[in-house]
Amino acid sequence: MTENSLLGALAAVVGGKNVLAGENDTAPYTTDWRKQYRGAAVAVVRPATTAEVSAVVRLCAEALVAIVPQGGNTGLCGGSVPTGKQREIVLSLSRMNRIRELDALNDTLTAEAGCVLADLQRAAGDAGRLFALSLAAEGSCQIGGNLSTNAGGVNVLRYGNARDQVLGLEAVLPDGRVWNGLRGLRKDNTGYDLKQLFIGAEGTLGIITAAVLKLHPKPTASATAWIEVADPRRAVELLSHLRHACGERLTAFELLSRTCVDAVLAQRPATRDPLPGMGSWYVLVQLADSGTDRVLNELLAQALDTDLGANAVLARSDAESKALWSIRESVPEAQFTNVKHDISVAISKVPEFIERAGAALAAAFPQAPIYCFGHIGDGNLHYNIGDAALLARRAEVHRIVYDEVAALKGSISAEHGLGQLKREEITRHKDPLELELMRAVKRALDPQGLMNPGKVL
């Protein structure tokens, strides 16, 4: 099939205005959010229904054209843009943005892949429920991408990763067939849990088109605190103390280095420093419950009445809580261009990792600042180094950081996926048998290798 005939066939399925082939039209879809990856595409195709996705996939399979599924294109590893190494289309799912059902009695919400995460949160909230997945890009990222990368975010401590929020999936397979696994069941012991194959697979096994998502009781009260700690070791000890004292009310526990705070203040001068000039490390803590703000604040104040935290600010209103969270959520953009890592180690090993990696990097790159922040409650750190000038030596920086991660039996990708960025590096860290099994699954489902090629494997 020639390129023109393929474009005509695609237009017949989704409509001519939803097949973008001009360079200016495709550019926003073929470049990643950080402008680190660019690749050419035959076209950007924007289906509106699962049936249209199925038809598009069948056409591409016949023409041997690869497919790059794309949601909000907010990823950090180059997983949602083409490599340009073969004929590819970008399949944008943004028009598939309907909520199919909200079952308040079953605490489930069935949504299409193109739904923006913040819209799902609002829909759940309007029904008196909580959809717990929450991350900095929630205003633009889409649920299909969240599930394809097994996104984490700030609520993992209490509610788990994206895969823990899913009961059922609908997916289009590489040959165009549609698997309908949209079951809102919490117990279904009838064989392999197929949905877990697609969650975290970054579109390499098929295309997620819809999901049945878990909802939770909506908290009616919360308490937020910004706490100075002497070092990451004290932060981990404080986490243990708060978990013992507050139980499941502890929703989030975020670590930030002073360098991160200073970066936010430099980018956003109007931001108020919660503890000006104090300390090198901070934690941002949130409790949530169906009780009252007063009770939670008292509980948090009692839990903090130890020598584990040097100074603390308790938010006295929702506005103050949002201001504290705004600092944390602004960190990624405040140090936008540098060498980034998304790693995890056992929570007890977080301080050791920070000490070891910091010493190794200081020896190799003495002037490079380190921006360390993340979800210390689940052992996930975003560990970023230097500025744009250091990008040319990114491979050296990665090797130092990843070797320290490996020494502590951690993971080089906690919540951002592998994409193009870590596709080769993962071969140094995965057991050969594990990689063999992953490749066998890939061959079984995608024998032509047309699903998001050049990513993950």
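The values are calculated or read from the model by the stated rules, or taken from the named source; none is laboratory data. Keep in mind the model is a prediction, meaning the values are calculated, not measured. We place every Cβ from the backbone using ideal geometry, glycine too, and count neighbours over all the protein chains shown.
Brief remarks on what is shown
- Any chance Arg316 is more than 27 Å from Asn161 (Cα to Cα), among the charged types (D, E, K, R) and either touching a strand residue (DSSP E or B) at 6+ places or on another chain (Cβ under 8 Å) or assigned to a helix (DSSP H, G or I) (or both): no
- When each of Ile327, Ile354 is tested for being in a helix (DSSP H, G or I) and not assigned by TED's automatic domain parsing to the domain that holds Val229, the lone residue that passes is Ile354.
- Residue selected from segment 126-160 under the condition crowded, with 24+ Cβ neighbours inside 10 Å and among the hydroxyl-bearing types (Ser, Thr, Tyr), by the criterion nearest to Thr110 (Cα to Cα): Ser148
- Count of segment 346-381 residues which are at pLDDT 95 or above, of a type in the set (Val, Ile, Thr) and in contact with an Asp or Glu (Cβ under 9 Å, 6 or more places away or on another chain): 2
- Residue that is surrounded by the fewest Cβ atoms within 10 Å (Cβ to Cβ) [pool: residues in segment 381-403 that are closer than 11 Å to Phe353 by Cα and touching a strand residue (DSSP E or B) at 6+ places or on another chain (Cβ under 9 Å)]: Tyr402
- Complete set of residues in segment 106-125 that are within 21 Å of Gly200 (Cβ to Cβ), within 15 Å of the chain's Cα centre (by Cα) and surrounded by fewer than 22 Cβ atoms within 10 Å (Cβ to Cβ): Val116
- The number of residues in segment 405-442 being assigned to a helix (DSSP H, G or I), farther than 24 Å from Gly374 by Cα and not small (Gly, Ala, Ser) comes to 12.
- For segment 315-345, filtered to residues that are among the small types (Gly, Ala, Ser) and either touching a helix residue (DSSP H, G or I) at 6+ places or on another chain (Cβ under 8 Å) or surrounded by 20 or more Cβ atoms within 10 Å (Cβ to Cβ) (or both), the residue that is modelled with the highest pLDDT is Ser344.
- Exclusive hit being touching a helix residue (DSSP H, G or I) at 6+ places or on another chain (Cβ under 7 Å), within 30 Å of Arg122 (Cα to Cα) and either of a type outside the set (A, V, I, L, M) or not in a strand (DSSP E or B) (or both), set Val295, Val264: Val264
- For Lys218, the stated conditions hold: it is charged (D, E, K, R) and either surrounded by fewer than 22 Cβ atoms within 10 Å (Cβ to Cβ) or over 24 Å from the mean Cα position of the chain (by Cα) (or both).
- Counted residues, segment 357-381 - those being free of Cβ contacts under 8 Å to residues at least 12 places away in the same chain and in a helix (DSSP H, G or I): 3
- Pairs meeting the criteria (first residue in segment 194-217 and of a type in the set (Lys, Arg), second residue buried (at least 23 other Cβ atoms within 10 Å of the Cβ), beta carbons under 6 Å, at least 6 apart or on different chains) are Lys195/Leu169; Lys214/Gln165.
- With a requirement of 2 or more residues that are of a type in the set (A, V, I, L, M), the helices (runs of 4 or more DSSP H) lying completely within segment 1-95 that satisfy it span 3-14, 50-63.
- With respect to the stated conditions, Ser413 is hydroxyl-bearing (Ser, Thr, Tyr) and within 26 Å of Glu202 (Cα to Cα).
- Residue check: Asp305 meets all listed conditions (1) charged (D, E, K, R); (2) surrounded by fewer than 19 Cβ atoms within 10 Å (Cβ to Cβ); (3) modelled with pLDDT of 90 or more but one, namely (3).
- Scanning segment 11-64 for residues that are of a type in the set (Ser, Thr, Tyr) and surrounded by fewer than 19 Cβ atoms within 10 Å (Cβ to Cβ) yields Thr31, Thr49.
- For Asp231: the one exception among (1) over 27 Å from Ile327 (Cα atoms); (2) surrounded by fewer than 20 Cβ atoms within 10 Å (Cβ to Cβ): (1)
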